[in-house]
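Data first, discussion second: the structure below is written as structure tokens.
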Amino acid sequence: MQKQRFCLDTSAFTEPSVRKALGVKTVTELTDKVMDLIAEARIKLNISCHIPYPTVYNELMGFLENENCPRDVIVKVDTWLVKKTPNRYEIKIPSEIFYEYVKDLRERINKGMRIGEEHIIKATDMVYELSKKHPEMGKNEIINKVLSKTINTFRNKYRSALRVGTLDSAPDLDVLLLAKELDAAVVASDGGIEKWAQRLGLRFVDASDFPFMLEEYLKHNDRHLRIKY
């Protein structure tokens, strides 16, 4: 039987839906529970879980340090997660994937530019209308009033256009590269990672399903042992 390998993104330990399902409130509590499952799966089933180092590992450590995570949880992370830097010089990626990524990025940049243009025009019209209706208002007051209404909308639309559904950070890319190198399943709750994992022919496991998948493996293993003995 082929050894099961998983490559974990930070979202495997930060996903809010998993915290809710497991009845925990913090990233530290979720990490503690997930690491216990990973440890048991490693010992009983020889399942190995990897984390790209230092990118994704440092991201996770940042979350845990912000919560003043107890030392014993950090020890679990360092013991049961295999820290590895992807071999970026040796991993082979089809040129078609690179072509698709550049094309996708160009389309997103153009979309972001159009969103910026639309909001500039909208803000200009709003300034003009306000200055006509309220001549007593000062220039800075009008500008501030307009910006308060439009800037949040612009940021949300711009962020969605450029970042949602694509790779927008080095840790995201490292998760895919390491999974490709190890022939491992990717564990994440990021739409961009999922999309490009599919492009690369990698197995993808949603972070919200991962703990329950490990529990299922372990439950059937224990049942098998009871029947055997």
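For a quick check: with amide H placed at 1.01 Å from N, whose amide H comes under 5 Å from T166's, ignoring anything fewer than 5 positions away on the same chain?
Placed amide hydrogens put G192 under 5 Å from T166.
So what does T150 come to for accessible area, using a 1.4 Å probe and Å² rounded to 10?
For T150, the solvent-accessible surface is approximately 10 Å².
Given a Förster distance of 22 angstrom, what is the FRET efficiency for S95 paired with R163, based on the Cβ-Cβ distance and rounded to 0.05?
Numbers: r = 24 Å, r/R0 = 1.11.
Plugging the Cβ-Cβ distance into 1/(1 + (r/R0)^6) gives 0.35.
Percent of accessible area on the stretch 95-163 owned by carbon and sulfur, 1.4 Å probe? Please report the intermediate quantities before stating the final value.
Details: 3050 of 5400 Å².
It is 57 percent, rounded to a whole number.
Given (i) 23, 21, 18; (ii) 28, 20, 17; (iii) 44, 23, 15 as candidate values of semi-axes √(5λ) of the Cα gyration tensor in Å, which corresponds to the one derived from the coordinates?
Computed from the coordinates, semi-axes √(5λ) of the Cα gyration tensor in Å corresponds to (iii).
Are any of the pairs K76/K219; K84/K157; K103/K195 more than 25 Å apart by Cα-Cα distance, and if so, which? Can you show the working numbers first?
Numbers: K76/K219 22 Å; K84/K157 36 Å; K103/K195 15 Å.
Distance filter (> 25 Å) returns K84/K157.
Within 10 Å of each candidate Cβ there may be at most 16 other Cβ atoms; applying that plus a DSSP loop requirement, which trypsin sites (Lys or Arg not before Pro) in the stretch 87-177 survive?
Filter output for the stretch 87-177: R88, K92.
Which residues make up the longest stretch of the chain clear of GluC sites (Glu not before Pro) that lie in a DSSP loop with no more than 10 other Cβ atoms within 10 Å, not counting the sites? Walk me through the numbers before you get to the answer.
Values: sites that count: E90, E136.
My reading of the result: 137-229 is the longest stretch.
Could you pull out every residue, at least 5 positions away or on a different chain, whose amide H is within less than 5 Å of the one on V205? Hs are placed 1.01 Å off N in the peptide plane, and Pro or chain starts have none.
Under 5 Å from the amide H of V205 lie the amide H atoms of V186, V187, A188, each far enough along the sequence or on another chain.
Could you report the chain's accessible area per residue, 1.4 Å probe, as an integer in Å²? Each step should come with its number before you reach the end.
Values: 13670 Å² over 229 residues.
Per residue, the chain has an accessible area of 60 Å².
Between R88 and N140, what is the spin-label point distance in nm, taking each point 7 Å from the Cα along the Cα→C-beta axis?
It works out to 4.5 nm between the two label points.
The values are calculated or read from the model by the stated rules, or taken from the named source; none is laboratory data. These numbers come from a predicted model, not from an experiment. Neighbour counts run over all protein chains shown; Cβ positions are idealised from the backbone, glycine included. Side chains are part of the model used for accessible areas, which takes the heavy atoms of the whole protein and leaves out ligands, DNA and RNA. Shrake-Rupley method; radii C 1.70, N 1.55, O 1.52, S 1.80 Å.
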